[in-house]
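> Pasting a structure here, questions to come.
Any read-out appearing in this document is the output of simple, stated calculations on the displayed coordinates, not a laboratory observation. Everything quoted here is computed from the prediction, not taken from an experiment. Every residue, glycine among them, receives a Cβ derived from its backbone with ideal geometry; neighbour counts consider all protein chains shown.
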Ligand code: UDX
């Protein structure tokens, strides 16, 4: 099929590359010329396992092309995906200006029946608004479909190839046929495809992310309970997760959830409910709890290093989770800011996210490896569960550190083992 992806961020680039890998003829369109030139040269703007190989292979074989021209990328297509960003406004509302700009450009250039698929996360009712914009500007026939993405950063290619479900919002039989054809490689291997109303599909996305955020906030809310009583949150999660009604996933206490989706999506629900004069207390609590929890790690450090001024604190992990270079809403950023306010010296290490963190904190010390970061440090704080920290040589770490304090905000170590090596240990909820 002939497809265009508008927007070459996470969603557009991963989906576009993967659709081309399934044999489709895909154009990835972006107004950022530098990005498109880099992509043409095989340079991928994000770190995402497996993506580079897929982009290069399909570009070489001519199935994946990159363009900055709406004129070239819209005419003659069967499906056009809108995958542009929806940044959060200070009010918590999603800023839809890029979506509407894309809709106007589509209207200007479509010349045959096209299924326009809204893929980036948008407030309920947006697909209808996009329809209104395009309808007012062209007489060419088209359908607007909602198809929310559920790609996890760091596992996005795998998630595209093997999704838990594909959600399609449309009541048009004509659009349904096109979409069924597009996702045939998935339905052939029995991946569930659910068709529903557009508004329902839009809400499935918000509801799924809010539920996952709720599970994490629920566990993080129990961490002070565990720390006061001596219970271990990891064991609590294991015990809870074996109940088939609860299940084991997304129950890990952590420094707080981050990333481009959970915080933004929960806040978008709050904004929608409050602007409709409906009680949003439940969702507000999830968001506030996460923000409060992200700020609680300073006190965990203070247990061992009460006065932080001029002390050296090492941070292991800057990205909001492993296998990504994304630091948006990462708990590490909150902690670094607090440490700097206290006059501490921060030395940070992350396998992928240093460049992105430098944009926020240009003046802290960045290390080449985890050992350099802990050299002469008063404490080390594990903020992201990269594998490199799990398999670290703790004896070497101990020799390098000035004071032997480990604050393990991802609970990756065995407390007894760490203590037997001569460290002070604090986890989250244990
Ligand atoms: C999420 C959704 O999972 C995905 O379906 C959606 O399309 C986009 O948003 P992503 O933001 O990439 O994906 O990351 P995810 O793996 O879901 O993790 C989000 C945050 O939750 C991370 O900060 C992670 O560390 C945290 N987390 C996850 C926990 O704190 N505890 C857990 O048990 C699981």
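> Along each of the three principal axes of the Cα atoms of the range 297-427, give the extent in whole Å, ordering the values from largest to smallest.
On the principal axes, the range 297-427 reaches 38, 31, 22 Å in Cα extent.
> Could you state the principal axis extents of the C-alpha atoms in the range 72-112, from the largest down, to the nearest angstrom?
39, 15, 13
> Three principal axis extents, largest first, for the C-alpha atoms of the range 270-334, in Å?
49, 30, 15
> State, to one decimal in nm, how far the label point of residue 285 lies from the label point of residue 172, with both points 7 Å from Cα in the Cβ direction.
Taking the two extended label points, one gets 4.2 nm.
> Based solely on its DSSP helices, what 222 nm [θ] is calculated for the chain when runs of n ≥ 4 H residues each add -39,500 (n - 2.57) and the sum is averaged over all residues, nearest 500 deg cm²/dmol? Don't skip to the answer; put the middle values down first.
Values: 20 runs with 192 residues, N = 430.
One gets -13000 deg cm²/dmol as the mean residue ellipticity at 222 nm.
> Taking a ≥ b ≥ c as the square roots of the eigenvalues of the Cα gyration tensor of the range 71-217, is the shape rounded (a/c under 1.5), prolate (a/b larger than b/c) or oblate? Spell out each step's value before the answer.
Values: a/c = 1.84, a/b = 1.21, b/c = 1.52.
Taking the square roots of the gyration eigenvalues as a ≥ b ≥ c, the range 71-217 is oblate.
> How would you order 266-272, 48-54 from highest to lowest mean count of nearby Cβ atoms within 10 Å?
On the way: 266-272: 22.1, 48-54: 17.4.
Highest mean packing first, the order is 266-272, 48-54.
> In what sequence, highest mean first, do 108-119, 231-242 appear when ranked by Cβ atoms within 10 angstrom?
Details: 108-119: 20.2, 231-242: 16.0.
Answer by packing, highest mean first, reads 108-119, 231-242.
> Also: Compute the acute angle (0 to 90°) between the alpha-carbon long axis of helix 126-135 and the principal axis of greatest extent of the alpha-carbon atoms of the chain; round to the nearest 10°.
Its long axis makes an angle of about 30 degrees.
> Over the chain, calculate the relative contact order: mean separation of alpha carbon pairs under 8 Å at least 6 apart, over the residue count, as a percent.
Details: 841 pairs, mean separation 49.9, N = 430.
That works out to 12 percent.
> Test of understanding: what is the full-extension gain from residue 41 to residue 376, defined as 0.36 nm times their sequence separation minus their Cα-Cα distance? Please report the intermediate quantities before stating the final value.
Values: separation 335, 0.36 × 335 = 120.60 nm, distance 4.27 nm.
Answer, rounded to one decimal: 116.3 nm.
> Compute a Gaussian network model of the chain, connecting alpha carbons closer than 10 Å, and tell me which residue from 61, 143, 153 fluctuates the most.
61
> Okay, next question. Just grab the label-to-label distance for residue 276 and residue 292, each label 7 Å out from Cα along the Cβ direction, in nm (one decimal).
About 2.7 nm separates the two model spin labels.
> Okay, moving on. What list do you get for 386, 316 if you sort them by fewest beta carbons within 10 Å? Could the numbers behind the result be given before it?
Numbers: 386 25, 316 31.
By the 10 Å Cβ count, ascending, the order reads 386, 316.
> Extension gain residue 231-residue 101, at 0.36 nm per residue separation less the Cα-Cα distance, in nm?
Values: separation 130, 0.36 × 130 = 46.80 nm, distance 5.27 nm.
My answer for the length gained is 41.5 nm.
> Right, here's the next one. Could you give P(r) for the chain, binned at 10 Å from zero, as whole percent values over all Cα-Cα pairs?
Spelled out bin by bin, the chain gives 4, 20, 28, 24, 16, 7, 2, 0 percent.
> Taking N as the number of residues in the range 153-236, what is its alpha-carbon radius of gyration divided by 2.2 N^0.38 Å? The partial results should precede the final answer.
Values: Rg = 18.8 Å, N = 84, 2.2 N^0.38 = 11.8 Å.
Expressed relative to 2.2 N^0.38 Å, the Cα Rg reads 1.59.
> Rounded to two decimal places and with Rh computed the Kirkwood way over Cα pairs, what is Rg over Rh for the range 205-294?
Details: Rg = 13.9 Å, Rh = 13.8 Å.
Rounded to two decimals, Rg over Rh is 1.01.
> Pull up the DSSP beta bridges for the chain and report the antiparallel fraction as a percent, rounded to 5. Don't jump to the answer; show the numbers that get you there.
Values: 2 of 46 bridges.
Expressed as a percentage, antiparallel bridges in the chain total about 5.
> Additional query: Please find the FRET efficiency linking residue 197 to residue 164, where r is the Cβ-Cβ separation and R0 is fixed at 25 Å, and quote it to the nearest 0.05.
Using R0 = 25 Å, I get an efficiency of 0.75.
> May I pose another question? What's the extension gain from residue 34 to residue 309 if we count 0.36 nm per residue and subtract their Cα-Cα distance?
Details: separation 275, 0.36 × 275 = 99.00 nm, distance 4.26 nm.
Additional length available on full extension: 94.7 nm.
> Starting from the Cα of residue 141, step 7 Å along the direction of its Cβ; do the same at residue 402; then give the gap between the two resulting points in nm.
Distance between the two pseudo-spin positions: 7.4 nm.
> Apply the Debye scattering formula to the range 127-172, with a single equal point scatterer on each alpha-carbon and no solvent, then give log10 I(q)/I(0) at q = 0.30 Å⁻¹.
Debye output, listed in q order: -1.06.
> What whole-number distance in Å separates the alpha-carbon centres of the range 298-359 and the range 152-204?
With the range 298-359 and the range 152-204 each reduced to a Cα centre, they are spaced 38 Å.
> In addition: Hey, with R₀ at 25 Å, roughly what FRET efficiency would residue 112 and residue 56 work out to, going by the Cβ-Cβ distance, to 0.05?
Working: r = 31 Å, r/R0 = 1.23.
The calculated FRET efficiency here is 0.20.
> Given a Förster distance of 22 angstrom, what is the FRET efficiency for residue 340 paired with residue 424, based on the Cβ-Cβ distance and rounded to 0.05?
Values: r = 23 Å, r/R0 = 1.05.
FRET efficiency, residue 340 to residue 424: 0.45.
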